[in-house]
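Working notes, beginning with the structure itself.
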Amino acid sequence: MRGAVAARCRMLDLSGGSSIRWVACSVVLLALAACRGATTSPGVSVTCDVAPRPPAIGTPATVTVTVAEDGKTPIAGATVRVEGNMSHPGMEPVFVDAREVAPGRYSAPFAFTMAGDWILSVDAKLPSGVSVRRDVDVRVVPSS
Ligand SMILES: [Cu+2]
């Protein structure tokens, strides 16, 4: 869903970039903000943590995703992918595949390409075949 919006923003951008088009794009993003952060499977929690906090441009960052059942039982063997998009249109998304570093714990290096507001969309495909998605807002600071 977010991908579709990003694509639409990019299309608007390419088609001329008048201020009216930019406003239209912002409204779409605002409308979307309300439905963010939901998981699609009851009982399964997906949490996402980024280190260092806050992440900074020029400093390697790590995204760690924890997948658990009923908030405590780790779910091993999931396929976890993270897509990073900035909150403004016109940038390429960043994709990483996370590696399982402990049962239910998945980690990946993540290269933020610009300071500002990012949305990390975590997609965890469980061994059961169910996919759970969660969006997390991250503020990235400039290099010091
Ligand atoms: Cu940007």
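Bear in mind that the values in this text are calculations on the coordinates, not laboratory data. This structure is a prediction, so every number in the text was calculated from the model and none was measured. Because the Cβ atoms are built from the backbone with ideal geometry, glycine has one as well, and the counts that use them run over all protein chains shown.
If a residue must be in a strand (DSSP E or B) and within 19 Å of Phe110 (Cβ to Cβ), how many such residues does the stretch 71-98 contain? Result for the stretch 71-98: 12. For Val140, the stated conditions do not hold, so it cannot be described as more than 16 Å from the ligand (Cβ to nearest atom) and surrounded by 19 or more Cβ atoms within 10 Å (Cβ to Cβ). Residues of the stretch 84-112 that are within 16 Å of the ligand (Cβ to nearest atom) and in contact (Cβ under 8 Å) with a residue 24 or more places away in the chain: Gly84, Asn85, Met86, Ser87, His88, Pro89, Gly90, Pro93, Phe110, Ala111, Phe112. Scanning the stretch 39-66 for residues that are more than 16 Å from the ligand (Cβ to nearest atom), more than 15 Å from the chain's Cα centre (by Cα) and assigned to a strand (DSSP E or B) turns up Val44, Ser45.
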